[in-house]
Amino acid sequence: MKTENTSKNAAYTGLFAAIAASSCCIPPVIALIAGVGGSASALSWMEPFRPYLIGLAVIAIGYAWYTYLKPKKADDCCEVDAKPKWYQTKGFLIGITLFAVVSIAFPYYSSIFYPDNKKEVVVVSQSDIQTVNFDVKGMTCTSCEEHVKHAVNELEGIVNVAASYENANAEVEFDNTKTSKEQIEKAINSTGYKVINK
């Protein structure tokens, strides 16, 4: 009985760690779906802990599988005949494992949740096109980049947006007769990530 509870606790610990490992990337998608931008970067402080949380998830779920698959002792034979509880089944462990894998991989496929809102801009004069590089604080993954790009593309006159969490910046090409540097900065700040003015 103690082994069963240990296995269940290990599985739940692994699941929690897997979700926590991607918690810096999940809020931007939820914020987009809910239509609230400011909360997007709320858990970005967890990103440095991602490798440790992934390790914890792998160890905990691996231990849950180990306790499930290890041979039963001879004196445990009577417990084998009883119908196992749902959290003691192979299906439960498979479900927890798959959900953990999907959660851990979330930053790599989160961009599919962002609709393409890029507009075609008619440029009257090439001299009206301006490119500005914004230093952005708080982005930790590709999901953050997509959130910034999506917010900026909501403005009129945006020709191109390239955001990079690795370089901590967003480069925006825009028609300065239709939008301004200040409006773009305000759009980026509305996501919860902050433009750093030098």
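Here, each number is a calculation from the coordinates, and none is a lab measurement. None of these values were measured; they are calculated from a predicted model. Reconstructed Cβ throughout: ideal geometry from the backbone, glycine too, with neighbour counts over all protein chains shown.
The figures follow:
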item	result
Potential lengthening between I94 and S127 on full extension [0.36 nm per residue; Cα-Cα distance subtracted]	6.0 nm
Cα-based Lys proximity count in the range 114-196, under 21 Å, for pairs eight or more positions apart or on separate chains	19
For peptides 167-175, 18-26, sequence by mean Cβ density within 10 Å, most packed first	18-26, 167-175
Separation in nanometres of the label points that stand 7 Å from Cα toward Cβ, at T6 and S190	5.4 nm
Sites W86 and S164 - FRET efficiency at Förster radius 45 Å, r taken between beta-carbons, to 0.05	0.50
